[in-house]
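Only one structure is covered here, and it is reproduced in the block below.
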Amino acid sequence: MRHTIQSNDKNLLIRYEWKVANEWNGIQVNADETPYWASPNSESRFITEHYYGFTKRAAQVTSAYQVMHPSWQIYPVQTYKIHCNAVALYRAAFKLVLSHKHRNLYFWPKVLQKKIFNRQLLRF
């Protein structure tokens, strides 16, 4: 893995890359240097103020957890590039999701203090 973070008076350039199948994959974002607070009842507020997470642990076991953090400011995205060999990384199911033009992108690089608690295993 590798990353780049560059800043000037007006813009941020952030690039994160990883290797899959011997090929560099990555996400690059060019964003305004000045962040804003998400409006109440907006899509960006819903995304950044989401306080629960889930992750697959085994075939029939999912881990659910609660996350607590202060509100995050959002940096307006000017341009972005995504290069991801989704089939090699996630299998064919994610190819469509990662290959189409995204409707909205939100970027919040300054993740402050966070706490994860109430971790539970859900069995199906």
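Determine whether ALA86 is free of Cβ contacts under 8 Å to residues at least 24 places away in the same chain, among the hydrophobic types (A, V, I, L, M, F, W, C) and surrounded by 13 or more Cβ atoms within 10 Å (Cβ to Cβ).
The answer is yes for ALA86.
I want to confirm something. Restricting to the range 22-46 and keeping residues that are closer than 23 Å to LYS95 by Cβ and among the hydrophobic types (A, V, I, L, M, F, W, C), which single residue is nearest to the chain's Cα centre (by Cα)?
Per the criteria, the residue is ILE27.
Out of the range 20-41, which residues are free of Cβ contacts under 8 Å to residues at least 60 places away in the same chain, loosely packed, with under 15 Cβ neighbours inside 10 Å and out of contact with any Leu (no Cβ under 7 Å at 6 or more places or on another chain)?
ASN22, TRP24, THR34, TYR36, TRP37, SER39, PRO40, ASN41
Restricting the first residue to the range 1-19 and requiring it to be closer than 18 Å to LEU89 by Cα, which pairs with a second residue that is among the aromatic types (Phe, Trp, Tyr) and surrounded by 11 or more Cβ atoms within 10 Å (Cβ to Cβ) meet a Cβ separation below 7 Å and a spacing of at least six or different chains?
These pairs meet every condition: MET1/TRP18; GLU17/TRP24.
Quick one: ALA21 ticks every box in (1) of a type outside the set (S, T, N, Q); (2) more than 20 Å from ASN85 (Cα to Cα); (3) in contact with a helix residue (DSSP H, G or I) (Cβ under 6 Å, 6 or more places away or on another chain) except a single one, so which number is it?
For ALA21, the failing item is (2).
Looking only at the range 1-15, how many residues end up being hydroxyl-bearing (Ser, Thr, Tyr) and touching a Lys or Arg at 6+ places or on another chain (Cβ under 8 Å)?
Number of matching residues: 1.
Can you name the helices (runs of 4 or more DSSP H) wholly within the range 1-109 that have at least 2 residues being among the charged types (D, E, K, R) and modelled with pLDDT under 90?
Filter on the range 1-109 gives 43-48.
The values are calculated or read from the model by the stated rules, or taken from the named source; none is laboratory data. None of the values given here were measured: they were computed from a predicted structure. With ideal geometry, Cβ positions are generated from the backbone for all residues, glycine too; neighbour counts draw on all protein chains shown.
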